[in-house]
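Below is one structure; the comments refer to it alone.
The values are calculated or read from the model by the stated rules, or taken from the named source; none is laboratory data. Everything numeric here is computed off the predicted structure, so don't read it as measured data. Cβ sites come from the backbone with ideal geometry, for glycine too, and all protein chains shown count toward neighbours. When the accessible area is computed, the model is the full protein with side chains, heavy atoms only, and any ligands, DNA or RNA have been set aside. Shrake-Rupley method; radii C 1.70, N 1.55, O 1.52, S 1.80 Å.
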Amino acid sequence: VYRNALARELRALGYEIEPAFDVSGKSLGFEIAGIGKDLREKFSQRSKDRDQAKAECEAKKGRPATKRETAVLVRETREDKLIEIATDKLRAQQFARLTTDERAQIQAVRDRAARTQAEAKAAGRSLASEQLITLQTLEAYVHAKDHLFERISVTSEKQILTEALIYGRGKVSLDVLQR
């Protein structure tokens with residue numbers, strides 16, 4: 001739900017999003033269009049820490065780690081947050097890690113989002129139009145229902161909502177979906 005809300009807010013700000021999947025086709029959420037894989041991986045330090053801890057656990061146990069074991073590893077390897085660092089200082093540290101090309105990439109994405117938002121405003125429409133969200137929510141619901149029921153004959157409301165939120169990420173409203 002929170003990822004869907006984040007995606008919807010990004011779209012309302014003019015950013016384009018695209019779905020992300022792992023090699024098996026499982027949804028990993030979404031990415032901001034225009035931000036390259038190399039840049040995402042550069043700033044995805046927790047994923048690297050998790051994968052390393054998981055690999056060490058699997059080597060030690062001689063079998064794949066379970067979801068529960070992975071969750072424990074994630075908690076155990078997480079460093080304490082730097083709550084004493086000021087936002088502007090943290091932002092400066094993050095920007096210092098960027099190359100000139102990476103900064104240009106981010107700026108191009110920001111500029112495109114600003115243009116998209118300005119064009120929508122000039123046309124007198126909102127990027128988060130309730131009517132559009134309602135139509136897209138209906139489409140997501142129908143997709144979820146059809147997708148789930150082609151495989152199984154009984155499912156829960158939660159599974160339908162989850163599938164609809166994944167399919168319509170950033171385009172659907174949970175409140176409208178539940179109605």
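A Förster radius of 25 Å combined with the Cβ-Cβ distance from ARG110 to ASP38 puts the calculated FRET efficiency at roughly 0.85.
Under 17 Å of direct C-alpha separation, and excluding same-chain neighbours fewer than eight residues apart, LYS158 reaches these lysines: LYS145. Among the protein heavy atoms of the chain, carbon and sulfur supply 53% of the accessible surface, probe 1.4 Å, non-protein parts ignored.
Out of every Cα-Cα pair in the chain, what percent are more than 27 Å apart?
46 percent
A Cα-only calculation for region 1-42 places Rg and Dmax at 11.0, 31 Å. Suppose a student asked you for the relative contact order of the chain, using Cα pairs under 8 Å spaced at least 6 residues apart; what percent would you report? Taking the mean separation of contacting Cα pairs over the length of the chain, I get 35 percent. GNM remark for the chain: springs join alpha carbons under 10 Å apart, and the peak mean-square fluctuation among GLY62, GLY124, GLY34 falls on GLY62. Its DSSP H runs of at least 4 residues, each contributing -39,500 (n - 2.57), put the calculated 222 nm mean residue ellipticity of the chain at -20000 deg cm²/dmol, to the nearest 500. As a rough guide to protection, the peptides 17-28, 99-110 ranked by mean Cβ packing within 10 Å, highest first, stand as 99-110, 17-28. Could you tell me what a quarter of the Cα convex hull surface of region 30-97 works out to, in nm² with one decimal place? Quarter of the Cα hull surface area: 6.4 nm². Dipole size of region 24-101 about its Cα centre, with +1 on Lys/Arg Cβ and -1 on Asp/Glu Cβ: approximately 340 debye, rounded to the nearest 20.
How big is the dipole moment of the chain about its Cα centre under a simple scheme where the beta carbon of each Lys and Arg is +1, that of each Asp and Glu is -1, and everything else is neutral? Debye, nearest 20, please.
Result for the chain is approximately 240 debye, rounded to the nearest 20.
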